[in-house]
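Undergrad: Before I ask anything, here is the structure I am working with.
The values are calculated or read from the model by the stated rules, or taken from the named source; none is laboratory data. The structure displayed is predicted, hence computed values, not measured ones. Note: ideal-geometry Cβ built from the backbone for every residue, glycine included; neighbour counts use all protein chains shown. What goes into the accessible areas is simple: the full protein's heavy atoms, side chains included, and nothing from ligands, DNA or RNA. Shrake-Rupley method; radii C 1.70, N 1.55, O 1.52, S 1.80 Å.
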Amino acid sequence: MTDAPLTLGLTETQLRALAAHGVARTFRQNSVVINEGDETDSLYIILSGKVKVYLADESGKEIVLNTEGPGSYFGEMVLDGGPRSASVMTLEKSTFSVVGKSEFRKFLSENPEVAIHIIENLIARTRALTENVRSLALLDVYGRVAKLLLELAREVDGKLVIADKLTQQDIANRVGASREMISRILKDLATGGYIKIADKKIVINKKPPARW
């Protein structure tokens, strides 16, 4: 066991301690774990698998706010007792530790260092959402796509690679655009030599221009 910080700012020891207060639940791929507007009653710690956090309208149009994997969590706003602010769906078979509101509150009161990490993580997520709103308001679709690609890319053997296999619809849902528009933008970027797509993985050969 390591005590290096995980994605949510907690060490593995702290995460295991918090998860021990919950009940393990497993969901199949493409299962809706929580719906926007649901009553808030639990924190979900991701033990395995991957989820997307998203908003959807009555017609089914989505915008994806984030994706999360093992070592992360969602539902921390259970603390204020308000309704769920977004929906969460599994992208693959996933297992969670579901910690009830009262147990979560008790754990935080007994472990103030964890409470600080939760607050810091909420601040980070708020900053990220603010940046997303800025992008939607001030950038055109191309600008949002270019920004997203650079944010998702990680350096692998000297190259910037997006390891996740993103479909055009995945990207469209992340930037609030149509799949057809994303298809045209990716084709233009590939033709210009900025990106290469192989096995649904995107390699960024050179930084895309800020405007097209």
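Undergrad: Could you list, ordered by first residue, the pairs with Cβ atoms under 6 Å in which the first is in the range 59-82 and surrounded by 19 or more Cβ atoms within 10 Å (Cβ to Cβ) and the second is at pLDDT below 85, at least 6 apart or interchain?
TA: SER72/THR7; SER72/LEU8; TYR73/LEU8; VAL78/THR40
Undergrad: Right, something else. Just one of VAL51, VAL23 is in contact with a strand residue (DSSP E or B) (Cβ under 6 Å, 6 or more places away or on another chain) and surrounded by 19 or more Cβ atoms within 10 Å (Cβ to Cβ); which is it? If you could, list the steps in order and put the result at the bottom.
TA: On the way: VAL23 fails: surrounded by 19 or more Cβ atoms within 10 Å (Cβ to Cβ).
One residue alone meets the criteria, VAL51.
Undergrad: Okay, moving on. If a residue has to be open to solvent by 80 Å² or more (accessible area, probe 1.4 Å) and closer than 17 Å to ASP80 by Cβ to count, how many in the range 92-107 make the cut? So that I can check it myself, show each step before the final result.
TA: Initially, the range 92-107 is screened for residues open to solvent by 80 Å² or more (accessible area, probe 1.4 Å), giving 92-93, 102, 105-106.
Among the residues that remain, those that are also closer than 17 Å to ASP80 by Cβ are: 102, 105-106.
Here the count works out to 3.
Undergrad: Give the range 140-150 a look and list any residue that's open to solvent by less than 30 Å² (accessible area, probe 1.4 Å), under 16 Å from the mean Cα position of the chain (by Cα) and farther than 21 Å from VAL88 by Cβ, or say none.
TA: Of everything in the range 140-150, just one residue is open to solvent by less than 30 Å² (accessible area, probe 1.4 Å), under 16 Å from the mean Cα position of the chain (by Cα) and farther than 21 Å from VAL88 by Cβ, namely LEU149.
Undergrad: Residues to consider are VAL33, VAL78; find the one that is modelled with pLDDT of 90 or more, touching a strand residue (DSSP E or B) at 6+ places or on another chain (Cβ under 7 Å) and not charged (D, E, K, R).
TA: Numbers: VAL78 fails: modelled with pLDDT of 90 or more.
When all the criteria are applied, what remains is VAL33.
Undergrad: Contact list please: Cβ distance under 8 Å, first residue in the range 1-20 and modelled with pLDDT under 50, second residue open to solvent by 70 Å² or more (accessible area, probe 1.4 Å), pairs at least six apart or on different chains.
TA: From residues that are modelled with pLDDT under 50, the pairs are MET1/ARG16.
Undergrad: Further question on the same structure: Tell me the residue from VAL114, VAL175 that is surrounded by 15 or more Cβ atoms within 10 Å (Cβ to Cβ), within 30 Å of ARG25 (Cβ to Cβ) and either without any contact (Cβ under 8 Å) to a residue 24 or more places away in the chain or not charged (D, E, K, R) (or both), please. Break it down into steps so the answer makes sense when it comes.
TA: On the way: VAL175 fails: within 30 Å of ARG25 (Cβ to Cβ).
VAL114 is the lone residue from the list that is surrounded by 15 or more Cβ atoms within 10 Å (Cβ to Cβ), within 30 Å of ARG25 (Cβ to Cβ) and either without any contact (Cβ under 8 Å) to a residue 24 or more places away in the chain or not charged (D, E, K, R) (or both).
Undergrad: When you check ILE123 against the structure, is it at pLDDT 85 or above, over 22 Å from SER87 (Cβ atoms) and in contact with a Lys or Arg (Cβ under 8 Å, 6 or more places away or on another chain), yes or no?
TA: Working: at pLDDT 85 or above: yes; over 22 Å from SER87 (Cβ atoms): yes; in contact with a Lys or Arg (Cβ under 8 Å, 6 or more places away or on another chain): no.
For ILE123, the condition - at pLDDT 85 or above, over 22 Å from SER87 (Cβ atoms) and in contact with a Lys or Arg (Cβ under 8 Å, 6 or more places away or on another chain) - is not met.
Undergrad: Any idea which residue in the range 74-114 is farthest from LYS165 (Cα to Cα), counting only those that are in contact with a Phe, Trp or Tyr (Cβ under 6 Å, 6 or more places away or on another chain) and polar (S, T, N, Q)?
TA: By that ranking, first place goes to SER87.
Undergrad: Could you tell me whether any residue of the range 151-167 is free of Cβ contacts under 8 Å to residues at least 24 places away in the same chain, surrounded by fewer than 16 Cβ atoms within 10 Å (Cβ to Cβ) and of a type in the set (S, T, N, Q)?
TA: No - not one qualifying residue is present in the range 151-167.
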